[in-house]
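Working notes, beginning with the structure itself.
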Amino acid sequence: MCDSVDVFAEWKDLATDYKQLENSNKVYQEKLNELAGYQKKCTDGIHHQKYRMDIIKQNLKSVPRTAENAEKIKELEENLIKQSAHLYHIEQTLPKQNGVYLKIILGNVNVSILNKEEKFKYKDEYEKFKLIISIISFVLAALNIIFNFRPLELIYIFLLVWYYCTLTIRESILKVNGSRIKGWWRMHHFISTVAAGILLIWPDMITWNQFRTQFMYFNAYISVVQYLQFIYQSGVLYRLKALGERHNMDITIEGFHSWMWRGLSFLIPFLFGGYLFQLYNAYVLFQLSYEATATWHVYVLSVIFLIIFTGNTVTTLMVIPSKKWEKMKNEYSILDFLSQLSKKVRENGNNGKKNE
């Protein structure tokens, strides 16, 4: 009898908890609707701001640049630049529409991450994903160098197809969430997906056997470079994150973004070594395309490797000069941060003495 009474009491207590849960859920849904309203209001406000700013910029061109107006024009141009930067930061807190690629893959599913910590977490998982696949890739490439076993080759190449397909999706999600990824690095992974697909269907012929060992050495080398990049960037990201210098969705594609310039000199030879290896692959494949047994795969892959080499080299050389200027800005930011920190420490110390 005692047990049955306890059961009814527990149910009554649980029913009370459920009512509280129901009330909490009701408030939660109301807040969600309220949040959606504010999101729409902010989005409309941003569009209105941009529209008005474009009109002001156009009208500003027709303002005569006299000695009297020069100072006002300069101040207005600076204010427009600052306002654009502020609007950009506000945009990063709002959900965005998926790009064409994500709409094809995922449909209209909203992949915007609004929480700052969750953005950091997603970016870190992206970097760790690349590291794990790089290690697996190195092991499989080494095994394929040692053993000439067709099923093992196909497993490895299929891994490359899956890896690059996954990268394109993850990078598109990062892009939606404010990552300032350069267009070439994203295009590079789309092209690499096509190259891996062609390698997968390349028949097991004489030309493939002549190229396979070189290809495995190439992938082993790239895996080592990616590992070096991850180890280095982890330390740099930790320092810059502590100083609040970086945009929270900046990521490394082929190891070259703004925060990678600092101390990057030891990595540059490895990066360009990989680019030269791509050029060498293109050259060897071009020579193999003249073989009597060569199929279309050989020539197409030669062109793809040449495109990748050109794109990587040109983009990296274009990025280097701008990174020198960014390096100076980063150093100034560090000095400014340390100056403010020292000032706060002194103020806290003086306040402590007054309290004593």
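The values are calculated or read from the model by the stated rules, or taken from the named source; none is laboratory data. Just so you know, these numbers come straight off a predicted model, no measurement behind them. Every residue, glycine as well, gets a Cβ built from its backbone with ideal geometry; the counts of neighbours run over all protein chains shown.
Checking the condition modelled with pLDDT of 90 or more and buried (at least 17 other Cβ atoms within 10 Å of the Cβ), which residue from A282, A292 passes?
A282
So that you can scan it fast, the table gives a plain yes or no per residue for (1) assigned by TED's automatic domain parsing to the domain that holds C165; (2) without any contact (Cβ under 8 Å) to a residue 60 or more places away in the chain; (3) closer than 27 Å to R186 by Cβ:
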{"residue": "E30", "(1), (2), (3)": "no, yes, no"}
{"residue": "H48", "(1), (2), (3)": "no, yes, no"}
{"residue": "R52", "(1), (2), (3)": "no, yes, no"}
{"residue": "K61", "(1), (2), (3)": "no, yes, no"}
{"residue": "P64", "(1), (2), (3)": "no, yes, no"}
{"residue": "E78", "(1), (2), (3)": "no, yes, no"}
{"residue": "L102", "(1), (2), (3)": "no, no, yes"}
{"residue": "I105", "(1), (2), (3)": "no, no, yes"}
{"residue": "N110", "(1), (2), (3)": "no, yes, yes"}
Going through (1) exposed (fewer than 11 other Cβ atoms within 10 Å of the Cβ); (2) at pLDDT below 85; (3) among the aromatic types (F, W, Y) one by one, Y51 fails only at (2)
Taking the condition free of Cβ contacts under 8 Å to residues at least 12 places away in the same chain and in a helix (DSSP H, G or I), does W162 pass?
-> yes
Residue match in segment 69-76 (condition: in contact with an Asp or Glu (Cβ under 7 Å, 6 or more places away or on another chain), surrounded by 10 or more Cβ atoms within 10 Å (Cβ to Cβ), assigned to a helix (DSSP H, G or I) and not charged (D, E, K, R)) = no
Going through segment 185-203 one residue at a time, which ones are touching an Asp or Glu at 6+ places or on another chain (Cβ under 9 Å) and aromatic (F, W, Y)?
-> W185
For segment 147-168, indicate whether the set of residues that are under 23 Å from V111 (Cβ atoms) and at pLDDT below 90 is non-empty.
-> no
Please tell me if R239 is modelled with pLDDT of 80 or more, of a type in the set (D, E, K, R), farther than 21 Å from F129 by Cβ and out of contact with any helix residue (DSSP H, G or I) (no Cβ under 6 Å at 6 or more places or on another chain).
-> no
